[in-house]
Structure formats: C-alpha cells, structure tokens
Amino acid sequence: MFTSATDYVSGILAGDRRTLARTITLIESVLPAHQELARKIVDQLLPHTGKSVRIGITGVPGAGKSTYIESFGTMLTEKGHRVAVLAIDPSSTRSGGSILGDKTRMEKLAVNDRAFIRPSPSSGTLGGVGRKTRETMLACEAAGYDVVIIETVGVGQSETTVASMVDFFLVLMIAGAGDELQGIKKGVLEVADAIVINKADGDNINRAKMARREYEAALHMLMPASANWSPPVLTCSSLFSEGIETIWETILDHKQRFIKSGEFDVKRREQALEWMHFLLEDGLRTWFYTNPEVAQLLPGLKKDIAQLKISPTAAADRLLALLKR
Amino acid sequence: MSQHPDYTKWQALAEKQMKGKSIDTLNWNTPEGITVKPLYTAEDVAGLDSVNTLPGMAPYVRGPMATMYAGRPWTIRQYAGFSTAKESNAFYHKALAAGQKGLSVAFDLATHRGYDSDHPRVAGDIGKAGVAIDSVEDMKILFDGIPLDKMSVSMTMNGAVIPILAGYIVAAEEQGVSHDQLSGTIQNDILKEYLTRNTYIYPPTPSMRIISDIMSFCSKNMPKYNTISISGYHMMEAGANSVLQTAFTLADGVEYVKAAIKSGMDVDEFAPRLSFFFGIGMNFFMDIAMLRAARFLWHRLMSQFNPKNVKSSMLRTHCQTSGWSLTEQDPYNNVIRTTLEAMSAVLGGTQSLHTNSFDEAIGLPTDFSARIARNTQIIIQEESQVCNVIDPLGGSYYIEALTKEIIDEAQKIIDEIESLGGMAKAIESGMPKMRIEESAARKQARIDQGSDVIVGVNKYKLADETIDFEVREVPATVRDEQIARIEQIKASRDKDLVAKALADLTEAAKNGGNLLEAALPAVRARATVGEISDAMESVFGRFVATTRCISGAYSSECEAKPDVINAIKQRTTKFLESQGRRPRLLVTKMGQDGHDRGFKVVASAYADLGFDVDISPMFQTPAEAAKMAIENDVHVVGASSLAAGHKSLIPALIEELKKLGGQEIIVVAGGVIPPVDYDFLFEAGVAAVFGPGTPIPDSADRTLSLLEKKYLS
Ligand SMILES: Nc1nc2c(ncn2[C@@H]2O[C@H](COP(=O)(O)OP(=O)(O)OP(=O)(O)O)[C@@H](O)[C@H]2O)c(=O)[nH]1
Ligand SMILES: [Mg+2]
C-alpha cells in the first residue's frame, strides 16, 4: 500500500477505514521494519489522540463480554458516538493459528458504519498485547472514534495490562452457583472501576441480585484507589439490553468527577509514564537479546549452568559485562 | 444362547487364512463409535428385546404398519426446487402424470427467513433453492389446477411457518376446499434449525409457542394434517453420524411433545400426527439399522407420556438420500449412490422417500435428472420385487445386533440431553451443535486423507472432467417478477383492512391467542409473508445465533497423514516470518443460506493449519462482508455458497471491496458452484473456486500459493 508514514497519517485523519486497518496490521506485525514504520505513524498521530473515552472490559470466558459490547456499542452509536472495539482473542491453537469469532457475537455493531471492530490474535507475548493495543487505541482516536472499548479475557495477566491504559475498567461477572468470588483474582477487583453482573434476566435475576450484594460486600473490604470513587456493583442483561444505559451514565459520572478533581489528567499522565517505562524495558530486552555477542555467548552459558559449570550469577555478570563496553 | 459349537473352529480357519493375524484386526470402528465385527451369529442377538417382534405392533422395530410394502409401497415424494410458483406448478402437473403421489414444496431462502422478495437484504436469494412466495397470490399460482382436497402436500418450512401455512389454508379456501379436507405435512421443526440450518426467524421460546399454536389449531380444524416433521436429515447433512442423528432427532421430538402437553393438549390429540424425516447416507447397513432403532426408541420414549392411542408412539418417517454424499466429480456415479441409499431407506422401512438428482452438487435438478431420480424409486418398487416381504432383513444377526447397538448408543446421548434439562436447554448449552461439528470435522479429515473413500473424489479420479448434460440455472428475472407482483398486490388491496389484521396479529403475539388463527385474516386481506413475519417480530425479536467453532478435531483425525499437514504448517510459518503475521482469512457466508457446516469445518481446519481465521456472522450482505474484511485487514476472503447465490453475491462482494479500497484482497469461492460458472467467477475477479469435495489441504495449498505468489515473490 503506502510506504511513507505521512500517507498513513493523512488517511487515518481523513477517517479512512482501510488505512486505519492497515496501520493496525503494521502495529501488530512482528517485523521490526513494520514496527518502526508504525511507531513513526503513531508519533505523528499523537497530537490528534487522547480525546476518547477509553474503556476496558474483562471477564471470564462466556461472561458475555462480546454480547455486552454489541448492545453497549450499539446504544452509543445511537447517541451519536463513534465506537472502536479492540478484541484480544487468546484462542490460538497448537499450530499458532487462531479462530477469531468475536464479530459473530457483535452482529449489529459489526455492520454499523459508526463502529470499527478489530479482533486480534494475541499470539506472541503479553508485552506485545500491551504495546500493540495501546498504539492501536491511539490510531483509532486519531481516526475520530470517541469511545474506544478494549475486550480482553480475564485469564492470565492481560487484564491488568489493559487496566493500565484505559480511563474506566469494567469487570463483567456472572452469577454462578456456589462461591461467587471463586475464580476471579483479587487483583482484578483492585483495578476495577465498576463490577457488572451480566445475564440478569429470566430466571437468573434473583441470583444476579444476590451476587451483587456479595460483590458489594467484597469491595467494601478493599481500599478504593481514589477518594472520589468507590466502584459500584451493577447488574445488566446484555442480551435484552437492560441496565446498559446506567452503566454508560456511571462511566460519564466517573469521568466528570475525575476531571473535576484533576485525577483524570494525572491518571493519563501516569499511564503515559508507565508506558514509557514499559517501552524502555521492552526495548532494552529486545536490544540485549538481539546483540550478536550475547546471542553467541548465551547458548553456551545456558548449557554450563545446566551442567553446574558456572553459577547463574556469574553467567549473568558475564553477559551484562558485554553491554558495558 | 451360547457360542456356536463350531465357532472356535471357524476362528482357527479364519486366522489361518489371515496368516496368523487375529480376526479382531478385521473389526471396523464406525464413526458412531461402534465396533463392527466381521461375523455375527445367533449368539449376538440372543435375548434381545428388539428381536423377533412383529410389524405394526409395539415396539415397531419391523415397521409401523402391519403389512408394510407388501400391502402398499412407500410414497414416492419428490421435492421440487423451482424458483417461481408458475414453474413449480408446471413441474407438479408433470410429476403427477409420471406416477408421483404427493407434492413437496421447497421454498427459497428469503421466504424461509420471512423476508419479501423486495427486501434489500435478500437480493441474492430470490428463487434460489426453492420457490419464492410473497403472498397468497403466489400460493394460488403454485397450486393452480391441483385439487387440495385430494392431494397431500408437504412443505419444507420452519421459519416462516405461520404466513406459509396460513397461505396454504387460504389458497385452499379460495379453491373451495375446507380446512378439514387438507392433508399433508409441514416440517415445522424449529429446534434443528438452531442446530444446523439456521433458517429460523425468532428466538427459541416464541418459536416453540408458534409450534404449539399450530398443533393446537390443526388438531381441531385439520385432523388429516401432520403438523410437524421432526427432522434429522439436516443434522446428517451437517455431518452428524447415524447415532447422533437418531438421538438428537428423537430428543427434539420429545421436546415438542412436552411443549404441546404443557400448552394444555392431550398427548393423543397430536402425537399420532407427528412424523419424522431422516437422512440416509452411504453407510448401507448402518442406516437400515438406524431406522429400525429409531422406531424402537420412539416407542420407548413415548411411553413416559402414557398415550392411550397406539399411534401416538408409532414412528412414521419420510426419508431422503444424502446430498452430502453427492459429488461434483464424475457425477453420474451419484445415480448409483442414490440407488444404494434408497435401498437402505426401503429396507429400513420408510413411509415415503425423496431421491436426490445426480446433478445436485452442480446445479438445480433438470427435467432429465429429476426423471432419473424418480425412476430410481419406481424401479425399486415395480421391478426389483423387494416389496413383497415385510422387513426382509429382520432376524439378520448383523442387522439386529447393529440395531441394538444404535439403540443403546443413542439412548446414552438422549439421557445426557435429559440431564441437561431437555433438548431446548441442551441446544442453549451448545452441546448438540458441538457434537455435530466435531463429527463433521472428523469426517472431512477422513475423506481428505482417503480413509473414507469417495470414488472420483479421493480415489479413481478422472483426469479430465467434462459435463455432457444440461445444467439448470435460476433465471435472473425471478426477483423482478416477484417485486412486480408485490407492488401490484399492495396497490390493489384494502390498506385499512391489512393494517387492522396485522395489528391484531401483533396483539395476539403480545397477549396470547392462537397465532395461526390470527394470521388467517391478514393473509385473506393480502398481507405479504414479510409483513406477517414483521408483525410478530415486533414482539418476538429476530434471533441471532452465537457461532462457536471447535478447533483441533480436524488435525487430530489427520494424525495418520502428518506430512501434508506439516508442509502447510511450515508454509504458514514462513509467511509469518516474512510478512510479520500469519496469513489471515475471512470465511463468510453471504445471503440467507444458513448451512454453516462447510464454512465452520474450513475455519477450524485452516486454523489448525496455521492461518488466522476470521468468521463472519451468518446471513451477511456483500457490503457487510466487505466491511469486515477491510477492518480485520485480511489477505483472503473465502466466500462459501451452497444455494446458488454465488453469481450475484460474490461479484458484489468484489465490487464492495474495491469501493472500500480493498482491491488487493484475494477472493476465493467454495461450495456448490457449477463448473460452468467458474469462468464467470474468474472474470468477476475470483482467484480460485473450490468445488464440493475439494480436500481441505488442497484448497489450503492453492490459497497459500496465491498468497505466496502475491507476497513472497
Ligand atoms: N441470558 C443471557 N445470556 C447472555 C447474556 N450475555 C451473553 N449471553 C450469552 O452468553 C454466551 C457467551 O457470550 P459472549 O458474549 O460470547 O461471551 P464472552 O465473554 O465474549 O466470551 P469469550 O469471548 O468466549 O470469552 C452467549 O451464548 C450469549 O448469548 C445476557 O445478558 N443474558
Ligand atoms: Mg468474546
């Protein structure tokens, strides 16, 4: 397609769907040349970013995240918003290929002209998810999407990575039999800005209400991250689009309060700093491992450690010494 | 009974002939999970309660009627897939003159899904795979000159059952035929639609209510009419093996019975009018045994409802030969396949039969191919003398043992469904769909590696395929003709009357009342199929399926031939290394054809081969599919077509891709596409066409080659 970053940038700023999609491909690529080009593009886009409401959504598989986004996103487009959805799909098979079926559960939103949905195979490292998703989010903002939703499955660590790049982090739960808190990590509750019990419909309503009380009690024991916000527990039915409006109001309320208290800017600045550190570490690591001398020395040292010929400390020292030169 | 006195002698003899190998090595493990031995003896059937019974008497293993074909042979019932009411009507007149006894109507996909022919979403579907019906005027053309008080009519309709059944009733009224004179069957089996074919409109709960309403209306007003035909056919076509087909079909049946009882009916009021529809494949003895087992099980399952009428637990069935077993390659072989399958249905004791035309993997049946198909049955009935003896295989050690195996295996699955809370709940859980898809992926893998032989496809292939017979196509004018007639009707009818009737129907949907009864005034007032469907949709909503895909089943069945698979995996990895990502493929199904087996098998197999595969929602328009391809930035779009929509939908997709700047996205097509259309598609910009029976490694290989040529050279 294009070769220069400027071409991509003008396409994105003009709101061209194809260019945005191509840019995301560059961002997601494992080739250094693509990543470099992507970085240039994102750099030039930066002045046009930051104006969206950034929402992260997590939940166990089957909690109804995609269905929720279908109904939530459709509502937002009806209100005049333009919605970008980034779905990180962890389902890669042994061979490394993935089946990306998210859009089959976002049927209406997928064909909506005011929406852009991009499912991504998360093959590769977790750090990858962090970098790629953040840059993709910025590109979507520059393309004029004023709500960006990131869907990630609540297993592993991707949810904390996502939490560190959004304004509002929503944890979707379902009422199940037995211990409500089972299977979800305390860490997730700590970063949640709201907990939503989904599938509160049909003969499930009472169970959802019960679960709501249990989560409220659990949240009481946690120290809220901000003095201006104690995360609420809400119920909704994504399938029947009930309770969705309230959640949007909650997100807007949160934003208002944070802007008023100044925390909004602080949080975004902190996230930017965090990101820089992350990139720094990520870059250092890549730089280190791609250093030819390291690459030459490392395999031998690994073997030596296994055969107890050298201590891990001594081996690390020798490798690090290479970098000092 | 104990072992045959000379059994060990026979065993020694056999093993000697096998040069010392154990006879167990001759065992055959069927896809159903049954181990079939090389020899059956009296010992295998000793003491079985399904053996040595009598026809026409419980448990009906040997047939529902006392005299079976010795008294009267099965009904030859050929289903016609013509595009317009007029053409279909002409076909019916010809077929009746040629010895056919009942009529069978297939509808186009737009009608199935409750859309009028002028709806923009269905532009590519009008007249494809069946007749387009928009109003009672079309129904009247369809049945012109056919006395509906004498002719039994079977209609394959599940989604838009209310407007279609009401249309049939009103067409009869206007012929002067009263409700109670009508005889025939409406398929009306919605549960299986959620499992396989996806031609539903509303969510399961209101759909089940519609079924109860129809049963209740008909039991009062149309006593000769069969209100439901519980169908396993589509499950088989979707890849279910014979045990799955039996279990899921009967479990659907139990669910309908429960729903009717719940709505206040007495079991004997409707159960005698339940009929079944099984698909018969190439596994000759298996499917004979399947029909026998199904009758036994249905009797057993119905006993829980304590029917007084013996007919309530008697399984009567229609059968159809398999469409999946038909090949595009060397297609005259299909006549032989269909003959074998027909024999299997007959020896299994079917009540009526449809035999497929040999060209169905290529195009719509022609007069010629339809004649051969019909004559296949006539020759069995009138030349072969198989009708003279009832259940001629009854007592065969093998058939009886196999019948028993299917009974036991299917019962296990039925119990599992029961423990999930019945079939509706089981469908919600996704269990039956997953089982069918797994069975399909395994079957595809067996075919691809040649362990299931298909002559002309994976063995004894022709070097040079030429088609020397006519291939029929849907005329492009069908849609225009239908739209013109809709406009005419809308201009001439009483608008207020229509509006009132539709409002009453919506009211019945909301607050109770029999929906079929409430639809009749709307049909009489010339409301269209689409309007009637919408009037209910405004209350019920339109159902959206969740598409889930299994992975791993394909490659696990391929372990026997890892070379081909590994070679492709290596190439996808090489592509990743050079392009920064895996080859990314969008598989899409445009139009209203809801058969999703093919496209799901492809999706899961390609992922196993190292592609990133995006799946589109069902029923997409070309513009919607293009948007998805652009946003997901795929390298290739694979468009699957099974219902003759390819000539309009696929070129439209390519146009839409161009509009969005995606001209470099490669488009390949797969499914039932007649070879005569290949050039047309290539000219429209399609890079490759994969006909039915293309092994997945072949299509993956060719798709990868296209990609490698474009990106790696
Ligand atoms: N009754 C009910 N069912 C729901 C609701 N939301 C989702 N579901 C169903 O739950 C199932 C899973 O929904 P998804 O949206 O695919 O869930 P998900 O969390 O995105 O799942 P993964 O992407 O696989 O992690 C689907 O069958 C939905 O129809 C709801 O509000 N009520
Ligand atoms: Mg999801």
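How do the peptides B:352-365, B:605-618 rank, highest first, by the average count of neighbouring beta carbon atoms within 10 Å per residue?
Sorting B:352-365, B:605-618 by mean packing, highest first, produces B:605-618, B:352-365.
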Rg in Å to one decimal, and Dmax rounded to a whole Å, for the stretch A:1-47 via C-alpha atoms: 9.5, 27
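For peptide A:31-37, how many partner chain Cβ atoms fall within 10 Å of a residue's Cβ, on average? Write out the running numbers ahead of the final one.
Details: counts 6, 1, 1, 3, 1, 0, 0.
Rounded to a whole number, the mean comes out at 2.
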Peptides ranked, highest mean first, by Cβ atoms within 10 Å: ranges A:259-267, B:65-73, A:231-239: A:231-239, B:65-73, A:259-267
Sequence-separation-based contact order of the stretch A:1-47, relative, with Cα cut under 8 Å and 6+ spacing, percent: 40
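If I take all pairs of Cα atoms in the protein assembly as shown, what percentage of them are more than 41 Å from each other? Numbers along the way, then the final one.
Details: 250993 of 538203 pairs.
Tail of the P(r) past 41 Å holds 47 percent of the pairs.
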Distant-in-sequence amide H partners of B:Phe107 (H built 1.01 Å from N, under 5 Å): B:Val131, B:Thr156
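Sort A:Asp167, B:Asp679, B:Asp266, B:Asp213 so the one with the fewest other Cβ atoms within 10 Å of its own Cβ comes first. Don't jump to the answer; show the numbers that get you there.
Numbers: A:Asp167 19, B:Asp679 10, B:Asp266 15, B:Asp213 23.
In increasing order of surrounding Cβ atoms, one gets B:Asp679, B:Asp266, A:Asp167, B:Asp213.
Charges only on Cβ, +1 for Lys and Arg, -1 for Asp and Glu: so what's the dipole of the protein assembly as shown about the Cα centre, in debye to the nearest 20? Intermediate values should be presented prior to the final figure.
Values: 111 positive and 126 negative charges, 337 e Å.
Computed charge dipole of the protein assembly as shown: roughly 1620 debye.
Relative contact order for chain B using alpha-carbon pairs under 8 Å, separation at least 6, rounded to a whole percent? Before the final figure, lay out the partial values.
Values: 1320 pairs, mean separation 105.3, N = 713.
It comes to 15 percent, rounded to a whole number.
Using a 10 Å cut-off on Cβ atoms, rank the peptides B:177-183, B:248-254, B:47-53, B:594-600 from the highest mean neighbour count down. Each step should come with its number before you reach the end.
Values: B:177-183: 16.6, B:248-254: 27.3, B:47-53: 15.0, B:594-600: 24.1.
Listed from highest to lowest mean packing, they are B:248-254, B:594-600, B:177-183, B:47-53.
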HN-Hα J in Hz across the stretch A:33-42 - Karplus 6.51, -1.76, 1.60, θ = phi - 60°, x for Gly and Pro: 4, 5, 5, 5, 4, 4, 4, 4, 4, 4
P(r) of the stretch B:634-713 over all Cα-Cα pairs, binned every 10 Å from zero, in whole percent: 18, 52, 28, 2
Cα long-axis angle, helix A:17-28 against chain A (0 to 90 degrees, to the nearest 10): 50
Span-like helix ranges in chain B, DSSP H, alpha carbon extent 20 angstrom or more, Kyte mean at least 1.0: B:161-175
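Per-residue mean of other chain beta-carbon atoms within 10 angstrom of the beta-carbon, peptide B:574-587? Don't skip to the answer; put the middle values down first.
Details: counts 0, 0, 6, 2, 1, 5, 10, 11, 8, 1, 5, 1, 2, 1.
Average per residue, whole number: 4.
Can you compute the helix-only [θ] at 222 nm over chain B? Use -39500 (n - 2.57) per DSSP H run of at least 4 residues, normalise by all residues, nearest 500 deg cm²/dmol. List each step's numbers first, then the result.
Values: 28 runs with 337 residues, N = 713.
Helix contribution divided over all residues of chain B: -14500 deg cm²/dmol.
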Fewest-first ranking of B:Ile169, B:Ile210, B:Ile666, using other Cβ atoms within 10 Å as the exposure measure: B:Ile666, B:Ile210, B:Ile169
Rounded FRET efficiency, nearest 0.05, which uses the C-beta distance separating A:Leu298 from B:Lys9 and R0 of 56 Å: 0.20
Residue of A:Leu273, A:Leu252, A:Leu298 that the Gaussian network model of chain A assigns the largest fluctuation, springs spanning Cα pairs under 10 Å: A:Leu298
Inter-probe distance in nm under a simple model that places probes 7 Å from Cα toward Cβ, at B:Lys709 and A:Met221: 6.5
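Note down the relative contact order for chain A as a percent, whole number, built from C-alpha pairs under 8 angstrom at least six residues apart.
Values: 446 pairs, mean separation 55.5, N = 325.
Relative contact order comes out at 17 percent.
Peptide A:242-249: average number of partner chain Cβ atoms within 10 Å per residue? Walk me through the numbers on the way to the answer.
Details: counts 0, 0, 0, 0, 0, 0, 0, 0.
Counting other chains' Cβ atoms within 10 Å and averaging over A:242-249 gives 0.
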Separation of the B:Ile378 and B:Asp415 label points, Cα + 7 Å toward Cβ, nm: 4.9
Chain A: angle of helix A:205-220 to the longest principal axis, Cα-based, in degrees nearest 10: 50
Helix A:312-324 axis, angle to chain A major axis (alpha carbon atoms, nearest 10°): 80
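Can you tell me how chain B classifies by the Cα gyration tensor, rounded, prolate or oblate, using a/c under 1.5 as the rounded cut?
Numbers: a/c = 1.61, a/b = 1.03, b/c = 1.57.
Because a/c hits 1.5 or more and a/b fails to exceed b/c, chain B counts as oblate.
Quick one: net charge around B:Val267, please, counting Lys, Arg +1 and Asp, Glu -1 for every other residue with C-beta under 13 Å from its C-beta. Write out the running numbers ahead of the final one.
Details: positive: B:Lys258, B:Lys262, B:Arg273, B:Lys308, B:Lys311; negative: B:Asp266, B:Asp268, B:Glu269.
Within the 13 Å Cβ shell, the charges total +2.
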Computed FRET value (nearest 0.05) for B:Val455 with B:Asp698, which takes r as the C-beta separation and R₀ as 22 Å: 0.80
Among A:Asn291, A:Val266, A:Leu280 - extreme Cα towards positive end, dipole of the stretch A:241-296, charges at beta-carbon: A:Val266
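Any read-out appearing in this document is the output of simple, stated calculations on the displayed coordinates, not a laboratory observation. Here the structure is a predicted model, which means the values were calculated and not measured. Note: ideal-geometry Cβ built from the backbone for every residue, glycine included; neighbour counts use all protein chains shown.
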